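K.L.:
Let me begin by handing over the structure; questions about it come next.
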Amino acid sequence: MNVGGKLKEAGKQWVKEDPEKREVYWPTDEMKEKAYFSDERIYTQASKDPEGFWAEQAKKFIDWFEVWDADKIVELEPPYFNWFAGNKTNLCYNCLDRHLDEHRNKAAIIWEPEPVDEVQKVLTYMDLYREVNKFANVLKGLGVKKGSTVTVWMPMIPETAIVALACQRIGAWHSIVYTAFAPHAVRERMQDAGSKILITVDGFYRRGKLIGLKKRIDEAQVLEKVGAENCVVVSRVNGGVPMKEGRDYYFDELMRGAEAYCEPETITSEDCSFLLYTSGTTGKPKAVMHSCGAYSVGVALTMKLVFDLHPEDLFWSTADIGWITGHSYGLYGPLLAGATVLWYEGAPDYPTPSRWWEIIEKYGVTIFYTAPTAIRALRAAGDKWVEGYDFSSLRLLASVGEPIDPDTWKWFYEKIGERRCPLVDTYWQTETGGILLSSLPGIGPFIPGVAGPALPGVNYDILDETGEPVKEGEFGYLVVKSPFAPSMLRGMYKKPEEYIAEYWSEYGTEIYFAGDGGIKIGQKIGGQPLIKITGRIDDVMEVAGHRLGTAEIEDAVNELEEVVEVAVVGKPHAIKGEVPALFVVLKRGVEVPKEEMDRKIVVAVREKVGPVATPEAVFYVSDVPNTESGKIIRRFLKGLVRNEALGDMTTARNPECLKELAEATKYRGPQKIPGYNLSAV
Ligand code: WTA
């Protein structure tokens with residue numbers, strides 16, 4: 001087995017816990033009776049014939065213009081795989097058109113604006129259908145075609161759903177950029193994708209502040225720099241932003257003259273349905289490519305399997321549309337299921353830390369999907385903000401984005417779920433498109449801190465450095481094996497080498513390497529081992545549930561003239577899970593006061609990457625540990641900020657610098673560092 005470089009670098013960073021102390025919860029009788037899936041034999045049935053299992057789901061959940069070739073449920077050409085080869089369909093058609101007979105006047109999206117004095121909006125399936133058709137025609141009128149990339153920098157407002165679905169309708173690829181990234185990030189992504197059109201808003205509200213997106217695009221001259229042909233501006237706040245004649249148009253103006261119907265384009269198994277930029281271990285963000293039909297199958301099935309979504313449910317996923325969770329479970333999943341989804345524009349704690357609980361009570365949310373970091377923050381605000389709210393509508397809670405610690409799990413389960421609602425911990429990634437690992441609400445078990453088994457039909461394992469499956473209780477690396485899962489990525493836009501380097505080089509081209517560590521806890525359900533996810537083992541951070549690459553932050557700081565070298569690692573944080581910690585080596589003779597240098601660094605990161613990546617700790621040091629070939633040994637830096645073992649020090653060219661680093665970070669970990677006296681701290 002040719003094991004690649006990441007594993008050698010990673011080290012074994014996890015804390016062993018006592019299995020005896022684990023609490024195990026099971027579904028209530030009520031949940032078991034209601035749930036679509038309550039028989040654990042589904043696991044064995046699916047694992048006997050995963051292809052057959054997926055093909056059956058595909059027929060059940062998606063309307064096809066043409067089905068796949070019978071002998072090609074999945075075509076494997078490692079490291080590529082093509083599910084349902086030869087299929088033809090359309091994601092927008094599946095989300096809207098096919099529901100009109102039954103659900104024409106049912107709410108598709110209920111939208112809650114952040115300002116409390118503004119009224120909510122409800123879009124029925126028919127409303128959404130009408131608007132999407134019109135905007136699809138608008139896009140065509142602006143020259144957007146099948147395979148064009150439409151960059152979208154928009155918040156959680158209904159128009160964002162309209163834009164995304166309109167792209168799907170005509171086969172254009174949306175590339176949605178998170179609004180807490182910087183205009184510079186929009187520019188990079190437009191350039192990379194060769195996108196000539198940006199859809200944005202005049203502004204939106206976040207924590208009571210007006211965030212002017214179009215103004216920021218203009219200030220950074222993004223449209224000029226990428227040679228954009230068009231910019232469509234949704235007027236969310238009647239902001240009256242400057243518009244360039246012939247290039248910039250208001251959404252409403254264009255919609256007024258638009259034709260009412262647009263034929264949905266035929267999208268084949270070879271086509272891409274959207275791009276989503278994500279952070280990996282090297283350099284710039286890269287665009288994951290998702291398919292149409294196969295992606296839809298994975299997402300649609302998990303809505304029933306993991307979320308047990310019934311027609312009368314009100315589903316709320318709090319993730320922003322700029323992330324994969326916003327795509328798969330804030331938009332496409334619920335609409336594929338013909339359900340009602342809630343969208344909220346603003347911050348969880350505005351105007352008070354009760355806002356989310358108020359929303360759950362106000363609308364009667366039944367399924368609530370959120371991230372551990374948000375729960376930790378709302379919990380830290382104090383239990384008084386939760387008390388007195390009516391949570392009786394809730395029947396299922398779900399978590400995503402990072403490992404949820406047992407303490408937070410229990411608080412969420414008790415205070416919000418009132419010990420009635422199962423809490424499913426869903427593990428997946430931008431690359432996997434849909435959930436791969438989670439307990440199922442009607443089957444269980446629900447164990448704080450343990451994600452659960454792989455979903456039926458998903459061939460998962462945890463391997464050691466040599467490629468052998470680990471024993472129970474041992475740490476290893478999560479992988480997906482053939483035939484993979486239908487919702488998984490089809491490649492990386494214009495970067496085939498990075499696609500291989502990132503996922504298919506640790507264990508070869510037939511095993512997908514996820515970049516996360518995990519442990520089989522020694523308990524099974526339906527013959528499947530339950531898995532605890534320990535988190536990333538590479539240079540990717542999860543900051544407040546947001547995936548960020550250390551390299552992007554390093555690039556931004558390296559551009560400062562005072563800086564010789566910078567290394568970024570994730571430092572544990574009580575609420576955000578991790579925060580970026582920077583080790584900075586300044587040029588000799590630089591005499592900028594620390595506060596001033598801190599400020600410069602923060603500004604550089606906010607401008608190049610965005611506020612989401614703001615550093616929380618900066619250590620100024622005279623050197624960082626390198627290998628002989630000059631590669632920074634991050635394992636040491638991670639160990640220092642996490643107070644964990646640093647591992648073998650003989651690989652460092654300059655181990656003497658560890659003493660200074662240990663002093664700077666006040667290291668209290670288990671390893672002795674020559675010259676550094678732990679007890680002096
Ligand atoms: C982490 C988010 C532990 C993991 C859907 C993964 C999790 C990365 C969980 C992907 C979970 C996601 N438990 N860790 N339940 N869910 N992760 O691409 O490290 O933004 O690799 O997708 O989030 O982040 P991404």
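The values are calculated or read from the model by the stated rules, or taken from the named source; none is laboratory data. Since the structure is predicted, the reported quantities are computational estimates derived from the model, not experimental observations. Reconstructed Cβ throughout: ideal geometry from the backbone, glycine too, with neighbour counts over all protein chains shown. The area values use the complete protein model at the heavy-atom level, side chains included, leaving out ligands, DNA and RNA. Shrake-Rupley method; radii C 1.70, N 1.55, O 1.52, S 1.80 Å.
K.L.:
Evaluate the charge dipole of segment 542-680 about its Cα centre and quote only its size in Debye, nearest 20, assuming +1 on the Cβ of each Lys and Arg and -1 on the Cβ of each Asp and Glu.
P.N.:
On the way: 20 positive and 22 negative charges, 100 e Å.
Dipole magnitude for segment 542-680 comes out near 480 debye.
K.L.:
Give, as a single signed number, the net charge of other residues whose beta carbon lies under 12 Å from the beta carbon of E414, with Lys and Arg counted +1 and Asp and Glu -1. Present the calculation step by step, with values, prior to reporting the outcome.
P.N.:
Values: positive: R379, K410, K415, R419, R420; negative: E23, D383, D407, E418.
After counting each charged neighbour, the total is +1.
K.L.:
Loop only per DSSP, at most 14 neighbouring Cβ atoms within 10 Å: give me the trypsin sites (Lys or Arg not before Pro) in segment 165-244, ordered by residue number.
P.N.:
R207, K244
K.L.:
OK, next. In debye, nearest 20, what is the charge dipole magnitude of segment 475-530 about its Cα centre with +1 on Lys and Arg Cβ and -1 on Asp and Glu Cβ, if you could check?
P.N.:
Using only the charged Cβ atoms, the result is roughly 240 debye.
K.L.:
Would you be so kind as to identify which of V288, Y93, L223 lies farthest towards the positive end of the dipole of the chain, taking Lys and Arg as +1 and Asp and Glu as -1 on Cβ and the Cα centre as origin?
P.N.:
It is L223, whose Cα lies furthest towards the positive end.
K.L.:
Sum -39500 (n - 2.57) across every DSSP H segment of at least 4 residues in the chain, then divide by the residue count to get the 222 nm mean residue ellipticity, nearest 500.
P.N.:
Result for the chain: -8000 deg cm²/dmol, rounded to the nearest 500.
K.L.:
Here's a follow-up. State to the nearest 20 debye the size of the charge dipole of the chain about its Cα centre, where the only charges are +1 on K and R beta carbons and -1 on D and E beta carbons.
P.N.:
Taking the Cα centre of the chain as origin, the dipole is about 580 debye.
K.L.:
Translational diffusion coefficient, Stokes-Einstein: compute it for the chain using the Kirkwood radius over C-alpha pairs as Rh, at 10 °C and 1.306 mPa s, and state it as an integer in µm² s⁻¹. Walk me through the numbers on the way to the answer.
P.N.:
Working: Rh = 25.8 Å.
Translational D for this selection: 61 µm²/s.
K.L.:
Just list whichever of K32/K524; K21/K524; K284/K481; K60/K410 have alpha carbons separated by over 25 Å in the model shown. Show your work: numbers first, answer last.
P.N.:
Working: K32/K524 19 Å; K21/K524 17 Å; K284/K481 27 Å; K60/K410 36 Å.
In this structure, K284/K481; K60/K410 exceed 25 Å between Cα atoms.
K.L.:
Let me ask something additional. Hey, if you put +1 on the Cβ of every Lys and Arg and -1 on every Asp and Glu Cβ in the chain, which of G515, A107, S47 ends up farthest toward the positive end of that dipole?
P.N.:
Value: G515.
K.L.:
Where both partners of a DSSP beta bridge lie in the chain, what percent of those bridges are antiparallel, to the nearest 5?
P.N.:
Given both bridge residues lie in the chain, the antiparallel proportion sits at roughly 60 percent.
K.L.:
For a test of the definition: using alpha carbon positions, the gyration tensor, and the 1.5 limit on a/c, classify segment 293-350 as rounded, prolate or oblate.
P.N.:
oblate
K.L.:
Of the trypsin sites (Lys or Arg not before Pro) in segment 550-626, which ones lie in a loop per DSSP and count no more than 14 other C-beta atoms within 10 Å?
P.N.:
K587, R588
K.L.:
Mean shadow of segment 213-300, computed from the convex hull of its alpha carbons, in nm²?
P.N.:
Answer in nm², one decimal: 9.5.
K.L.:
Can you check what the Kirkwood hydrodynamic radius comes to for segment 309-381, Cα pairs only, in Å to one decimal?
P.N.:
12.7 Å
K.L.:
Over all alpha-carbon pairs in segment 98-226, figure out the percentage whose distance exceeds 23 Å.
P.N.:
In whole percent, the long-distance tail amounts to 39.
K.L.:
Also, I was wondering about something else. Using a 1.4 angstrom probe, figure out how much accessible area the chain has per residue, in square angstrom, rounded to the nearest whole.
P.N.:
In whole numbers, the chain has 38 Å² accessible per residue.
K.L.:
Ordered by residue, what ³J(HN,Hα) values in Hz, to whole numbers, does segment 186-202 give under the Karplus form 6.51 cos²θ - 1.76 cosθ + 1.60, where θ = phi - 60° and Gly and Pro are x?
P.N.:
5, 4, 4, 6, 5, 5, 4, 8, x, 7, 10, 9, 10, 10, 9, 10, 5
K.L.:
Something else: Can you work out the FRET efficiency for the pair M243 and E497, with r the C-beta to C-beta distance and R0 = 60 Å, to the nearest 0.05?
P.N.:
0.90
K.L.:
Something else now. Given M156, L437, L661, which one lies farthest toward the positive end of the charge dipole of the chain, if we put +1 on the Cβ of every Lys and Arg and -1 on the Cβ of every Asp and Glu?
P.N.:
L661
K.L.:
Once amide H atoms are built 1.01 Å from N in the peptide plane, which residues 5 or more positions from V232, or in another chain, come under 5 Å H to H?
P.N.:
Amide H neighbours of V232, under 5 Å, 5+ apart: L198, I199, T200, Y249.
K.L.:
How do the peptides 658-671, 618-631 rank, highest first, by the average count of neighbouring beta carbon atoms within 10 Å per residue?
P.N.:
658-671, 618-631
K.L.:
Just the number, please: percent antiparallel of the DSSP beta bridges in segment 542-680, rounded to the nearest 5.
P.N.:
80 percent
K.L.:
Still on this model: Cβ under 13 Å from T509's Cβ, T509 left aside: what net charge do those residues give with Lys, Arg +1 and Asp, Glu -1? List each step's numbers first, then the result.
P.N.:
Details: positive: K481; negative: E77, E497, E502, E506, E510.
Local net charge: -4.
K.L.:
Something else: Taking K and R as +1 and D and E as -1, what net charge do the other residues with C-beta under 14 Å from the C-beta of P183 add up to? Each step should come with its number before you reach the end.
P.N.:
Values: positive: R187, R189, K214, K215, R216, K225, R606, K608; negative: E188, D218, E219, E224, E607.
Combined, the nearby Lys, Arg, Asp and Glu give +3.
K.L.:
List, in order, the whole-Hz ³J(HN,Hα) value for each residue of segment 205-210 obtained from phi through the Karplus relation with A = 6.51, B = -1.76, C = 1.60 and θ = phi - 60°; use x for Gly and Pro.
P.N.:
With coefficients 6.51, -1.76 and 1.60, one gets 9, 9, 6, x, 9, 8 Hz.
K.L.:
Enumerate the amide H contacts of L437 below 5 Å, restricted to partners 5 or more residues apart or on another chain; note that Pro and chain-start residues carry no placed amide H.
P.N.:
Y427, L455
K.L.:
Let me ask another. Enter the per residue convex hull volume of segment 402-529, computed from alpha-carbon coordinates, in Å³ rounded to the nearest integer.
P.N.:
Given the Cα convex hull of segment 402-529, per-residue volume reads 114 Å³.
K.L.:
Using DSSP to call loops (not H, G, I, E or B), can you name the GluC sites (Glu not before Pro) in segment 291-365 whose Cβ has at most 15 other Cβ atoms within 10 angstrom?
P.N.:
E312
K.L.:
Compute the Cα gyration tensor for segment 154-295, then decide on rounded, prolate or oblate, letting a ≥ b ≥ c be the square roots of its eigenvalues: rounded whenever a/c is under 1.5, prolate when a/b is larger than b/c in the other cases, and oblate in all that remain.
P.N.:
oblate
K.L.:
List the lysines whose Cα sits under 22 Å from the Cα of K140, skipping any in the same chain fewer than 8 residues away.
P.N.:
Counting by Cα, and skipping residues close in sequence, K140 has these lysines nearby: K88, K196, K244.
K.L.:
Quick check: from the Cα gyration tensor, does segment 448-488 come out rounded (a/c under 1.5), prolate or oblate?
P.N.:
Cα axes put segment 448-488 in the oblate bin.
K.L.:
Here's another thing I want to ask about it. What is the set of long-range amide H partners of N626 at a cut-off below 5 Å, with H atoms built 1.01 Å from backbone N?
P.N.:
I633, R653, N654
K.L.:
Once neighbouring chains are kept in place and the probe is 1.4 Å, which whole percent of the accessible area of the chain is contributed by carbon and sulfur? Numbers along the way, then the final one.
P.N.:
Values: 12380 of 25540 Å².
Within the chain, the accessible surface is 48 percent carbon and sulfur.
K.L.:
Residue-wise, which Karplus ³J(HN,Hα) couplings in Hz belong to segment 310-327, taking 6.51 cos²θ - 1.76 cosθ + 1.60, θ = phi - 60°, and x for glycine or proline?
P.N.:
For segment 310-327, the Karplus-derived couplings read 9, x, 8, 6, 10, 9, 10, 10, 7, 5, 6, 4, x, 10, 4, 4, x, 5 Hz, x marking Gly and Pro.
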